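The values are calculated or read from the model by the stated rules, or taken from the named source; none is laboratory data. The shown structure was predicted, so the numbers you read here are calculated from the model rather than taken from an experiment. Glycine also receives a Cβ, built like all others from the backbone with ideal geometry; neighbour counts cover every protein chain displayed.
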Amino acid sequence: MTAAATAANAASPPFVDFRHVWLAYEEQDSFAVEDITLSIAAGEFVAIVGPSGCGKSTFMKLATGLKPPTRGEIDVGGARVTRTLKIAGMAFQAPTLLPWRTTLDNVLLPLEIVEPYRSTFKRDRDRYAARAKALLATVGLEGYEDKFPWQLSGGMQQRASICRALVHQPKMLLLDEPFGALDAFTREELWCVLRDLWAAQRFTVVLVTHDLREAVFLADTVYVMSKRPGRILGRRAIDLPRPRDLEVTYTDHFTDLVHEMRERIGMVRKGG
């Protein structure tokens, strides 16, 4: 973000606001996450890193209303989160495309089941299909609309999954290890796809990842979580200028940022 954009965001109410949020395991006295307080500005790209099992994915479920907090309050878009949000899109490590649907029909799925689109889907299907095709073209899948998932590579399936998460034009995109199962070349290629989609639309992004290079390359801000029960131990603003290309990953400053994140994770693993 530019300095002017950062100042503007600081003056605006946060888009995502966690205030002293705790979540207990079902029927247990222990907590998955405890006392999480953080704010995310509208249009900000945030990454959350930490050791396995620290509660990163739990944070996603809290932010989307899939799980209610045991304590504390969560506001998204200026409203208290009390149920599953319709303004959010999600993509996961596994693309989870339905094997009996074409690429286009997989991308259209949210519009068939989420209001206000559901009630008008049959009437406006051609218009929605044009939107889905435009998204697919943006991520390099033009011409693959009628292919089935088994006819696509893993990277192509993940591109379609991201399009599916964005087709209903959500204000917030939540990504849970979306590139973790891909080879390094494909992963970096999809970093750039996501970067360009975000730059064009400026939806708010929360990315959960184990890949520290991925977090530093994509995010405005990186949060480090402790081992379970998950707490926010650190916040690091990423001061790499935008737009970013892959060449920045070979610079000393990028390497220093990644090493800083790695040291923080190392301290977490040791109980620091």
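Out of Glu44, Glu112, which single residue is charged (D, E, K, R), surrounded by fewer than 15 Cβ atoms within 10 Å (Cβ to Cβ), within 30 Å of Gly140 (Cα to Cα) and at pLDDT 90 or above?
Values: Glu44 fails: surrounded by fewer than 15 Cβ atoms within 10 Å (Cβ to Cβ).
The match here is Glu112.
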Requested in this report: Test each condition in (1) modelled with pLDDT of 95 or more; (2) more than 21 Å from the chain's Cα centre (by Cα); (3) of a type in the set (A, V, I, L, M, F, W, C) for Ala3 and report the one that comes out false.
Outcome: (1)
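Any residue in segment 208-215 that is more than 14 Å from the chain's Cα centre (by Cα) and under 23 Å from Leu135 (Cα atoms)?
Scanning segment 208-215, I find no residue that is more than 14 Å from the chain's Cα centre (by Cα) and under 23 Å from Leu135 (Cα atoms), so the answer is no.
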Requested in this report: Output the number of the condition that Ala165 fails; it satisfies all remaining conditions of (1) of a type outside the set (Ser, Thr, Tyr); (2) outside any helix (DSSP H, G or I); (3) touching a strand residue (DSSP E or B) at 6+ places or on another chain (Cβ under 6 Å); (4) under 30 Å from Glu145 (Cα atoms).
Outcome: (2)
Query raised in the report: If you go through segment 86-95 one residue at a time, do you hit one that is over 24 Å from Asp211 (Cβ atoms) and of a type outside the set (S, T, N, Q)?
Result: yes
Query raised in the report: List pairs: first in segment 130-145 and more than 19 Å from Cys192 (Cβ to Cβ), second in a loop (DSSP other than H, G, I, E, B) and among the hydrophobic types (A, V, I, L, M, F, W, C), Cβ under 6 Å, 6+ apart or cross-chain?
Result: Ala132/Val167
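Return the total of residues in segment 231-256 being in a loop (DSSP other than H, G, I, E, B) and not hydrophobic (A, V, I, L, M, F, W, C). Reasoning before the result, please.
Here is the first cut: in segment 231-256, the residues in a loop (DSSP other than H, G, I, E, B) are 231, 238-245, 251.
Narrowing the set further to residues that are not hydrophobic (A, V, I, L, M, F, W, C) leaves 231, 239, 241-245, 251.
Residues flagged as in a loop (DSSP other than H, G, I, E, B) and not hydrophobic (A, V, I, L, M, F, W, C) within segment 231-256 amount to 8.
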Report task. May I ask you to list pairs of residues, at least six apart or on different chains, whose Cβ atoms are under 7 Å apart, with the first in segment 198-215 being farther than 15 Å from Arg244 by Cβ and the second being among the polar types (S, T, N, Q)? Result -> Val208/Ser57
Requested in this report: Six or more apart or on different chains, Cβ under 9 Å: which pairs go from a residue in segment 57-70 that's within 21 Å of Ala42 (Cβ to Cβ) and touching a residue at least 60 places away in the same chain (Cβ under 8 Å) to one that's acidic (Asp, Glu) and crowded, with 22+ Cβ neighbours inside 10 Å? Could you list them?
Outcome: none
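Checking the conditions here, which among Met225, Met267 is more than 18 Å from Phe45 (Cβ to Cβ) and either surrounded by 20 or more Cβ atoms within 10 Å (Cβ to Cβ) or not polar (S, T, N, Q) (or both)? Reasoning before the result, please.
Working: Met225 fails: more than 18 Å from Phe45 (Cβ to Cβ).
Sole residue among the options that is more than 18 Å from Phe45 (Cβ to Cβ) and either surrounded by 20 or more Cβ atoms within 10 Å (Cβ to Cβ) or not polar (S, T, N, Q) (or both): Met267.
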Query raised in the report: Which of the residues that make up segment 257-272 are of a type in the set (D, E, K, R) and either touching a Gly at 6+ places or on another chain (Cβ under 6 Å) or assigned to a loop (DSSP other than H, G, I, E, B) (or both)?
Result: Arg264, Lys270
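Can you spot a residue in segment 173-185 that is more than 17 Å from Ala94 (Cα to Cα) and not aromatic (Phe, Trp, Tyr)? I'd like the intermediate steps shown before the answer.
In the first step, residues of segment 173-185 are kept if they are more than 17 Å from Ala94 (Cα to Cα); the result is 185.
Cutting the leftovers down to not aromatic (Phe, Trp, Tyr) gives us none.
The answer is no; no qualifying residue exists.
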Query raised in the report: When Thr186 is evaluated against the numbered criteria (1) buried (at least 18 other Cβ atoms within 10 Å of the Cβ); (2) over 19 Å from Cys54 (Cβ atoms); (3) touching a helix residue (DSSP H, G or I) at 6+ places or on another chain (Cβ under 6 Å), which criterion, by number, is the only one it fails?
Result: (1)
Report task. Give the number of residues within segment 73-109 that are under 16 Å from Lys61 (Cβ atoms), of a type in the set (Ser, Thr, Tyr) and either surrounded by 17 or more Cβ atoms within 10 Å (Cβ to Cβ) or touching a Leu at 6+ places or on another chain (Cβ under 9 Å) (or both). Result -> 1
